[in-house]
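Asks: Quick one: the structure is below, and I'll ask about it shortly.
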Amino acid sequence: MHCLALERTDVQQHRGLTAGAAPSGLGPADLQKAYNLPAGGGAGATVAIVDAQDDPNAESDLAAYRSQYGLPACTTANGCFKKADQNGGTNYPTADAGWAGEISLDVDMVSAVCPQCHILLVEANSASMDDLGTAVNRAVSMGAKYVSNSYGGGEDAGDTTADSKYFNHPGVAITVSSGDNGYGVEYPAASQYVTAVGGTSLKKDSSTRGWSESVWGSSGGGDGAGSGCSANDPKPSWQKDTGCAKRTVADVSAVADPATGVAVYDTYQAGGWNVYGGTSASSPIIAGVYALAGAPSANATPSSFPYAHTSALNDVTSGANGGCGTYLCEAGSGYDGPTGLGTPNGTAAFTG
């Protein structure tokens, strides 16, 4: 598996900000306005972040991000933040700068959309599916009802086995990034038990909403949200598109284009403030929206919720992430692969 965070290299990084200055990139107020989200809500809900390797500066970097935007403190001391290894302890894996950037992106995005949420960071020993899957199970066993996964790899015949071992958790909303390489399917986004999260370009405009969105990607392929028809995973009963007999990716989406990316603070072998994108941004955003919407019932299948509430989503109707010639890579009215059913317009689409 590989992380799906994309860090801008054309933005001057800095650890401190002068008085009155704001970091480059979208901040919490932008995301809350763009997706019609309440500034409060989510109090006491725990969103888990599952990543590989260790970020030694995760808590201090999170504190800097939240302080910059006036968000309430989220620390180990006040019970809001907790970091664990994949066994639930404190024997953290080897630190890694790339995954530290991913971790910073993930915890910052949960903070941005659900400032009252608690954050549980579970660090897998390695980027193998078995270790990451063990970390998912650990997060659920530690009480998280919302689990974000910002990584992916190629599909293989063992995916359905991994589905049952790691992702079949009724009553838990599990979100997974759809990929950053344009048209094509990655696992575990293809799991029938998860909410696969695609990506958009998000821009301010003069519309009633105040924002516009299109598919992150281009018809020529390359960087862009992942999408397509799974080779292995069966189609969930609530997914009704007719151009793919198996699982179609994605389900919903949020901002992922680095060109319209989000502000992130990371100091582990990094310069501080920067702008990030990738579907690594959209997965924790959607996990945070699920948390705002309220805890699923014990036997619920949260990945089905948006399909019952399509009118509570912003339909994304323009753009493409490749040249397949169908809705699997091209946006249109209603469901499409790159953006799924659309992006949040409040929390109603993420309730049972």
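Asks: Give the accessible area for residue 164 in Å² (nearest 10); use a 1.4 Å probe, count only protein heavy atoms, and leave out ligands, DNA and RNA.
Replies: So the heavy atoms of residue 164 present about 70 Å² to solvent.
Asks: What number comes out for the charge environment of residue 271, summing +1 per Lys or Arg and -1 per Asp or Glu over other residues with Cβ under 14 Å away?
Replies: Neighbourhood net charge equals -2.
Asks: Specify whether the C-alpha gyration tensor of the stretch 208-321 places it in the rounded, prolate or oblate class, a ≥ b ≥ c being the square roots of the eigenvalues: rounded for a/c under 1.5, otherwise prolate if a/b is larger than b/c and oblate if not.
Replies: Prolate is the answer for the stretch 208-321, as a/c is 1.5 or above and a/b outweighs b/c.
Asks: Search the structure for amide H atoms under 5 Å from the amide H of residue 146, placed 1.01 Å from N in the peptide plane, and list their residues when 5 or more places away or on another chain.
Replies: So residue 146 has HN proximity to 48, 173.
Asks: For the chain, give the magnitude of the charge dipole about the Cα centre (Cβ charges: +1 Lys/Arg, -1 Asp/Glu; no others), in debye to the nearest 20.
Replies: Dipole size: approximately 980 debye.
Asks: Let me ask something else about it. Take the alpha carbon gyration tensor of the stretch 59-213, find the square roots of its eigenvalues, order them as a ≥ b ≥ c, and report rounded if a/c is under 1.5; if not, report prolate when a/b exceeds b/c, else oblate.
Replies: It comes out oblate by the Cα gyration axes.
Asks: Relative contact order of the stretch 150-191, please, whole-number percent, based on alpha carbon pairs below 8 angstrom and at least 6 residues apart.
Replies: So the answer I get is 59 percent.
Asks: For the chain, what is the relative contact order in percent, using Cα pairs closer than 8 Å and at least 6 residues apart in sequence?
Replies: About 23 percent, as a whole number.
Asks: If you don't mind, another one. How charged is the neighbourhood of residue 160? Take every other residue with its Cβ under 12 Å from the Cβ of residue 160, and add Lys/Arg as +1 and Asp/Glu as -1.
Replies: -2
Asks: Shifting gears a bit: Given H placed 1.01 Å from N in the peptide plane, which residues other than close sequence neighbours of residue 52 have an amide H under 5 Å from its amide H?
Replies: 124
Asks: With respect to the cross-link table entries 33/145; 165/240; 145/235; 145/246; 83/246, which display a Cα-Cα separation exceeding 31 Å?
Replies: Checking Cα-Cα distances, 83/246 exceed 31 Å.
Asks: Under unit Cβ charges (Lys, Arg +1; Asp, Glu -1), what dipole magnitude, rounded to 20 debye, does the stretch 1-111 have relative to its Cα centre?
Replies: 420
Asks: What is the stretch 49-117's relative contact order, in percent, from Cα pairs under 8 angstrom and six or more apart in sequence?
Replies: It comes to 45 percent, rounded to a whole number.
Asks: Further question: Residue-wise, which Karplus ³J(HN,Hα) couplings in Hz belong to the stretch 148-153, taking 6.51 cos²θ - 1.76 cosθ + 1.60, θ = phi - 60°, and x for glycine or proline?
Replies: Each residue's phi maps through the Karplus curve to give 9, 10, 10, 8, x, x Hz.
Asks: Taking only protein heavy atoms into account and a 1.4 Å probe, give the accessible area per residue of the chain in Å².
Replies: Value returned for the chain: 34 Å² of accessible area per residue.
Asks: Quick query: amide H of residue 200 versus all other amide H atoms, modeled in the peptide plane; which residues come in under 5 Å with a sequence gap of 5 or more or a different chain?
Replies: 216, 254, 255, 256, 257
Asks: Can you bin the stretch 269-332 into rounded, prolate or oblate? Criterion: square roots of the alpha carbon gyration tensor eigenvalues sorted a ≥ b ≥ c, rounded for a/c under 1.5, prolate for a/b above b/c, oblate for the rest.
Replies: Verdict is oblate for the stretch 269-332.
Asks: Return the sequence-ordered ³J(HN,Hα) values of the stretch 128-144 in whole Hz as given by the Karplus equation 6.51 cos²θ - 1.76 cosθ + 1.60 applied to θ = phi - 60°, using x for Gly and Pro.
Replies: Values per residue, Gly and Pro as x: 6, 4, 5, 5, 5, x, 4, 5, 4, 4, 5, 4, 5, 5, 8, x, 6 Hz.
Asks: Could you tell me which label, among (i) 21.1, 66; (ii) 19.9, 62; (iii) 18.0, 56, carries the value of Rg and Dmax of the Cα atoms in Å calculated for this structure?
Replies: (iii)
Asks: Do any cysteines of the chain lack a neighbour Cys whose Cβ is under 4.7 Å away, and which are they?
Replies: Isolated Cys, the chain: 3.
Asks: Something else about it: Determine the sum of side-chain charges near residue 84: Lys and Arg each +1, Asp and Glu each -1, restricted to other residues whose C-beta is under 14 angstrom from that of residue 84.
Replies: Computed value for this residue: -4.
Asks: If you plug each phi of the stretch 295-304 into the Karplus form 6.51 cos²θ - 1.76 cosθ + 1.60 with θ = phi - 60°, what whole-Hz ³J(HN,Hα) values come out, in order, with x for Gly and Pro?
Replies: Calculated HN-Hα couplings, in order: 5, x, 5, 4, 10, 6, 10, x, 5, 7 Hz.
The values are calculated or read from the model by the stated rules, or taken from the named source; none is laboratory data. Here the structure is a predicted model, which is why all the values come from computation and not from measurement. Here the Cβ is made from the backbone with ideal geometry for all residues, glycine too, and neighbour counts use every protein chain on show. Side chains are part of the model used for accessible areas, which takes the heavy atoms of the whole protein and leaves out ligands, DNA and RNA. Shrake-Rupley method; radii C 1.70, N 1.55, O 1.52, S 1.80 Å.
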